[in-house]
Amino acid sequence: IDIIEKEGLAAKAAEDGKYLKSHFDQLAEKYPIIGDIRGIGMLWAIELVADQKTNTPLDTKLAVGTWIRDYCWQREMILRNNGDILVIAPALVITREQIDFMLNLVEEAIAGAMKHFKL
């Protein structure tokens, strides 16, 4: 039997994805640097912007996405970025406790970047 089916990982990814989306939406309400949020299951992208209402891009010379990536890496979380798009793709077997740790760290990094870059 395929391990994904045996462990119910597809259903778990769908459920965890809804949990992530709800928390990312809350972050977008709280932090104006968050623009578009897109994804499904356990693969998400958070676009960082200068203006949330107009989706005006950040100045690429600032490298805000890289700053956030490095912040997370230094705290033992792998987060990829494509410029100012944060790519979050945790393992299918991640626990809810680990998801909450990840969400808190992403929020801490975003708040830190806003302070660091005076955004």
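The values are calculated or read from the model by the stated rules, or taken from the named source; none is laboratory data. Remember, predicted model here, so these are calculated numbers, not experimental data. Counting neighbours? That spans all protein chains shown, and the Cβs are built from the backbone with ideal geometry, glycine included. All accessible areas refer to the heavy atoms of the entire protein, side chains included, with ligands and DNA or RNA removed. Shrake-Rupley method; radii C 1.70, N 1.55, O 1.52, S 1.80 Å.
Data table
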read-out	value
Residue within region 5-14 that is closer than 16 Å to residue 106 by Cα and out of contact with any His (no Cβ under 9 Å at 6 or more places or on another chain) present	no
Count - residues of region 1-35 that are under 11 Å from the mean Cα position of the chain (by Cα), within 21 Å of residue 119 (Cβ to Cβ) and charged (D, E, K, R)	1
Every pair of residues 6+ apart whose Cβ atoms lie under 9 Å, when the first sits in region 25-44 and is without any contact (Cβ under 8 Å) to a residue 40 or more places away in the chain while the second is exposed (fewer than 14 other Cβ atoms within 10 Å of the Cβ) and β-branched (Val, Ile, Thr)	35/56
When residues of region 30-77 are limited to those that are assigned to a helix (DSSP H, G or I) and more than 17 Å from residue 105 (Cα to Cα), the one least open to solvent (accessible area, probe 1.4 Å)	62
Output for region 10-27, where each listed residue is open to solvent by 20 Å² or more (accessible area, probe 1.4 Å) and not hydroxyl-bearing (Ser, Thr, Tyr)	10, 11, 12, 14, 15, 18, 21, 23, 25, 26
